[in-house]
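Asker: Pasting a structure here, questions to come.
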Amino acid sequence: MYELFRVCSKYCGRQSVNFSDIFDLIKAIRYLDGMNYYKSFLVFVLIAFWVVNSAYSQNLETLFLQKDYEQVESVCADRIASQNMNSSDYFWLSLSLEQMNKPQRNLDVLLEGTSLYPNDTSLVELLAIAYYEMGNFKEAAPLLERSENKNSQTKLARIKEFYGQNNEAIDIYKSLLEADSNSLFLIKKIAKNYYRIDSFPQAIQYLEQVNLLYDADIESLYLLSKAYEKNEDFEKSLEIANRGIEIDSTQTIFLRQAGKASFQMKDYRKASDYFMLCYELNDTSLFVQKLFGISNHRIDANFAAEVLLESAYKKDSLNFELCYFLGRTLKELRDYEESQYYLNKAYELMQPNPDNLIAYHVEMVTIHKHFKQYQEMYQEYQTLYELSNDPVYVYYLGSTAQYYLKKKSLAFEHYKAFLSLTPEEESDELSSDSGKMSLSIRKVAEENYELLKKELFFEGELKN
């Protein structure tokens with residue numbers, strides 16, 4: 001009986017109760033052994049308190065829905081100040097402060113509320129969101145991990161993305177997708193995260209799903225074309241880009257992508273056509289000018305290539321490819337001095353890989369030949385052989401020594417070395433820097449070798 005009086009006196013005059021209050025009332029019932037009247041009375045009181053509390057919460061909700069946020073703040077603040085409050089006061093006060101754009105005050109309220117009611121999941125979620133909106137992801141993440149709410153889990157995935165934890169973000173999005181298998185938002189998020197970690201086959205799989213659900217999604221269609229490109233399926237990349245062009249022919253992103261795919265397929269004429277369309281839509285970006293210029297060079301439209309590449313060079317004078325192809329273009333236009341300048345600059349800028357070095361030295365052979373710098377030309381062939389170990393450059397060493405340097409003994413030794421490096425049955429397919437030769441290089445080398453052998457013998461310079 002004493003416990004009954006203690007509980008009733010505790011709540012005398014209270015306007016509302018919270019869940020801990022109700023728990024106290026239930027415990028009090030246990031002390032009323034055999035006192036059915038009092039037990040019934042206490043149950044009635046319990047229900048009454050519950051109704052009052054619900055009515056009070058509904059009143060705050062009504063004020064909130066009426067957008068009377070200041071009144072909600074005033075009522076809740078008064079109750080909290082008088083210690084006559086429950087968790088719903090913190091809940092509605094927080095929502096109102098958020099609407100009134102008072103982030104710091106809202107955070108303070110939620111920190112106090114969650115310290116008093118640590119098991120109230122609604123308050124914990126609001127605190128997590130408050131941290132998230134303020135950009136305090138370190139504090140938000142562990143709170144969001146406690147919630148299975150879709151909104152909270154989505155925010156947690158975004159935090160994982162922010163920290164580059166893309167695999168963890170994918171796991172969260174996949175878990176959410178199990179409950180909403182046709183969510184474009186979730187499928188796109190999974191695809192983008194796979195793309196960011198270079199898992200292009202998986203990215204393609206999910207982007208194709210987006211395409212099935214909504215084939216006019218421009219962003220996903222573009223990313224799908226890029227993913228196929230990264231996966232080195234250039235033909236499929238071009239197909240998807242063309243689909244984007246059909247949806248909106250004014251979207252230069254698809255024209256650029258189609259041009260790039262064509263370029264990578266070495267269809268330079270088609271690439272040039274796509275980049276011309278970009279130009280017509282006023283896309284004169286460095287990307288377009290560079291590939292447009294190189295494409296024109298590849299199809300021997302060197303006057304157009306020169307204009308485009310020089311314009312691109314003004315935007316990026318430290319680009320190896322621009323310098324290299326501008327040098328090559330000017331060489332084809334017989335402007336050898338300018339060509340030499342850009343090729344030398346390309347050499348200074350190039351990354352140290354054999355393919356780039358070989359391409360540079362091949363071009364420099366032509367430049368030195370034009371300026372009759374035969375010793376330098378000979379040295380270029382020496383470098384090319386060292387870089388590539390290709391016997392064809394030994395032949396060119398012999399040819400240069402014979403016809404330009406007029407050094408018969410040196411030429412004879414190079415031809416001899418070339419013939420030893422190229423068995424007769426393998427020699428017919430040897431190539432030079434100008435492409436396949438109609439006449440076997442070996443046959444020419446054999447003839448020159450025999451000729452020089454006779455000449456050197458009669459001149460007494462042939463070494464045994």
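Okay, residues lined up against (1) small (Gly, Ala, Ser); (2) under 44 Å from the mean Cα position of the chain (by Cα); (3) more than 20 Å from Glu125 (Cβ to Cβ):
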{"residue": "Gln66", "(1), (2), (3)": "no, no, yes"}
{"residue": "Ser74", "(1), (2), (3)": "yes, no, yes"}
{"residue": "Asn86", "(1), (2), (3)": "no, no, no"}
{"residue": "Ser94", "(1), (2), (3)": "yes, yes, no"}
{"residue": "Leu97", "(1), (2), (3)": "no, yes, no"}
{"residue": "Met100", "(1), (2), (3)": "no, yes, no"}
{"residue": "Arg105", "(1), (2), (3)": "no, yes, no"}
{"residue": "Asp108", "(1), (2), (3)": "no, yes, no"}
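Asker: Ok, one more. Starting from residues that are buried (at least 17 other Cβ atoms within 10 Å of the Cβ) and either of a type in the set (Asp, Glu) or in contact with a strand residue (DSSP E or B) (Cβ under 9 Å, 6 or more places away or on another chain) (or both), keep the ones in segment 394-425 and report whichever is farthest from Leu462 (Cα to Cα).
Answerer: Step by step, filter segment 394-425, then rank; the result is Tyr396.
Asker: Determine whether segment 342-350 contains at least one residue that is assigned to a loop (DSSP other than H, G, I, E, B), modelled with pLDDT under 90 and at negative phi. Please lay out each step first, then the result.
Answerer: Looking only at segment 342-350, we keep the residues that are assigned to a loop (DSSP other than H, G, I, E, B), and these are 350.
If we keep only those that are modelled with pLDDT under 90 as well, we get 350.
If we keep only those that are at negative phi too, we end up with 350.
Yes - at least one qualifying residue is present in segment 342-350.
Asker: Still on this model: Across segment 224-252, which residue is farthest from the chain's Cα centre (by Cα) among those that are within 17 Å of Gln205 (Cβ to Cβ) and open to solvent by less than 30 Å² (accessible area, probe 1.4 Å)?
Answerer: Ile240
Asker: Kindly provide the set of residues from segment 178-188 that are part of a helix (DSSP H, G or I) and either without any contact (Cβ under 8 Å) to a residue 12 or more places away in the chain or crowded, with 18+ Cβ neighbours inside 10 Å (or both), ordered by number.
Answerer: Our first condition is that a residue be part of a helix (DSSP H, G or I); within segment 178-188, this holds for 184-188.
Scanning segment 178-188 gives Phe185, Leu186, Ile187, Lys188.
Asker: Glu376 versus (1) farther than 19 Å from Phe325 by Cβ; (2) surrounded by 16 or more Cβ atoms within 10 Å (Cβ to Cβ): which is the lone unmet condition?
Answerer: For Glu376, the failing item is (2).
Asker: Does Tyr274 qualify as being farther than 23 Å from Leu343 by Cβ, of a type in the set (Phe, Trp, Tyr) and either in contact (Cβ under 8 Å) with a residue 12 or more places away in the chain or open to solvent by 30 Å² or more (accessible area, probe 1.4 Å) (or both)?
Answerer: Numbers: farther than 23 Å from Leu343 by Cβ: yes; of a type in the set (Phe, Trp, Tyr): yes; either in contact (Cβ under 8 Å) with a residue 12 or more places away in the chain or open to solvent by 30 Å² or more (accessible area, probe 1.4 Å) (or both): yes.
Yes; evaluated as a whole, the condition is true for this residue.
Asker: With among the hydrophobic types (A, V, I, L, M, F, W, C) and touching a Ser or Thr at 6+ places or on another chain (Cβ under 6 Å) as the only criterion, which of Ala191, Ala258, Ala271, Ala216 stands out?
Answerer: Working: Ala191 fails: touching a Ser or Thr at 6+ places or on another chain (Cβ under 6 Å); Ala258 fails: touching a Ser or Thr at 6+ places or on another chain (Cβ under 6 Å); Ala216 fails: touching a Ser or Thr at 6+ places or on another chain (Cβ under 6 Å).
Just one listed residue meets the conditions, Ala271.
The values are calculated or read from the model by the stated rules, or taken from the named source; none is laboratory data. Since this is a predicted model, take the numbers as computed values, not measurements. Note: ideal-geometry Cβ built from the backbone for every residue, glycine included; neighbour counts use all protein chains shown. Just the protein is used for accessible areas: all its heavy atoms, side chains included, with ligands, DNA and RNA removed. Shrake-Rupley method; radii C 1.70, N 1.55, O 1.52, S 1.80 Å.
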